[in-house]
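Worksheet: the structure to be examined is printed underneath.
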Amino acid sequence: MWNCDVIDLHQTDDDVTVIYHKGSNNSNKSLRANYVVGCDGARSFTRDSINPDILDLGFHEPWLVIDLLMNNPEKIESRESLHFCQPNCSGTYVFLGSKRKRWEFRINQSDEVEDICRPEFIWSLLKQWISPEEAELERATVYTFHSMIAKQWRQGRLFIAGDAAIPILSHPILAHTLNRQPLEQVVEKYRHHPLESRGKRFTALRREGTAFPTEVMTTALKSICRGLQEINHHLDQFGGPYLLGEFTLPDITIMACFHRLEDVRMTDLLDHDSVPLVSGYWQQLQDRLSYKDAVIAWHDEVNWRTALIEIFGGKKSPNLKEAFSIMETLS
C-alpha cells in the first residue's frame, strides 16, 4: 500500500493489528500481520511504539527520492542494485518488489525542492538509465536522512530496521585518510563541498580526530549486537538463505553493513555462538555478483585499503572485546 499513514499498532501474542489512514478518505482502516518491521526512517512511528529514546549523531542530509512503475517489468533481465559515485550528484537505484524501481539522488545546496521534483527535471535526470516510454513516474519527493541510533530494536512482534550504528565504527578510517593530507588542503577542499554540513564534518574529523564518548560507542555496539541476533532470528524463521528467504532489499543493506564490519576488523562477531546462522548468510552475500561489482570493485586501493592496513595491521578491532561482552550479556 502507498500513501498511507500508520496511526496505531496493537499487538497480541499471535499477531499485530495495524490501523492506518489513506489520503483524503476520512475513515481509518486496519490489517493484521504476523510481524511489523518499521523501515520508516528517523520519524518512525514503529520505533516510537517500541521505545522513543534515540541517540542523535547530528547528521541530517536531504535526498531526492524517485519511484517509477515499470511498464514491462517482466522484460528486465538484471535486478541488481547499484550506487553511482558521481561527484556532482551521487545516487542509488534499487528495485522495490516486482515492478517498481527507485532512484535516490543527493541534493546540492543550490537545488530548489520545487524545481527538482518537477517531472521534466526528473526525466532529464534519469535519461541515462530510462525514458518516459519505459515507466510511469509514481512519486518524487525530498526525504531527509538522519543518523540516529535507537536504544531498542524490538518489542514483541514489532521491529525496526536501520544501520546508523555502522558509521561510528568507520570514523577512524575516514579520519586516517584525511590526516594524510595537509590541514589547509582539507579545509580548502571541503570549503567548496556541495553539502556544507558534510564539508564541515570532514574538516572537523581532520582537526579533531575521532574520539567518541564511551557511551556513544557502547550504544553503537549494542545496536549492532542486537541487530545480529535479529538477523539470526529471521534466518531461522524463514529458513534462509536470505533474511526473507529470497534475496530482497534488506539483504542489500546488510551486505554493506557486514562489509564495513570486515573493514573495521569486527567480523569475528558474525561467528559468535549466539548467532550460528549469520556466518553462512554472510558467505551467501559475498558470493553474489552484486557484492563483487558494487562493493569490492569500488574499494579505493591507494587510500582506503592502505588506510586499513596502517590503522589495524594484522590486529583486530579494539572494540571487539566490548562487543563480545555485549553479545554474551544479550545471549
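Throughout, read-outs are computed from the coordinates displayed, never taken from laboratory work. Remember, it's a predicted structure, so these values are computed and weren't measured experimentally. Every residue, glycine as well, gets a Cβ built from its backbone with ideal geometry; the counts of neighbours run over all protein chains shown.
For GLU112 and HIS10, the difference between the fully extended length at 0.36 nm per residue and the C-alpha to C-alpha distance is 32.7 nm. Residues VAL187, VAL16, arranged from fewest to most other Cβ atoms within 10 angstrom of their Cβ, appear as VAL187, VAL16.
Here GLN283 and ARG207 are evaluated by their C-beta separation; at R0 = 51 Å the FRET efficiency comes out at 0.80.
Per-residue 3J(HN,Hα) values for the stretch 109-117, derived from phi via the Karplus relation 6.51 cos²θ - 1.76 cosθ + 1.60 with θ = phi - 60°, read 4, 7, 6, 9, 4, 4, 6, 6, 8 Hz in sequence order (x marks Gly and Pro). Relative protection proxy for 278-284, 251-257, 115-121, from highest mean packing down: 251-257, 278-284, 115-121 (other beta-carbon atoms within 10 angstrom). At R0 = 41 Å, how high is the FRET efficiency between PHE45 and ASN179 if r is their beta carbon distance? Nearest 0.05 is fine. Using R0 = 41 Å, I get an efficiency of 0.50.
Peptides 4-11, 220-227, 70-77, 231-238 ranked from most to least packed, by the mean per-residue count of other Cβ atoms within 10 Å: 220-227, 231-238, 4-11, 70-77.
Amide H contacts for GLN11 (H built 1.01 Å from N in the peptide plane; partners 5 or more residues away or on another chain; cut-off under 5 Å): THR17. Once both labels are positioned 7 Å from their Cα atoms along Cα-to-Cβ, the gap between LEU330 and ASN72 label points is 4.7 nm.
Pairs exceeding a 23 Å alpha-carbon distance, out of LYS29/LYS99; LYS99/LYS127; LYS292/LYS321; LYS222/LYS316; LYS189/LYS292; LYS222/LYS321: LYS29/LYS99; LYS292/LYS321; LYS189/LYS292. The label-point distance for ILE19 and PHE312, in a model that sets each label 7 Å from Cα toward Cβ, rounds to 4.8 nm. With R₀ fixed at 30 Å, the C-beta to C-beta distance from LYS200 to TRP304 puts the FRET efficiency at about 0.85.
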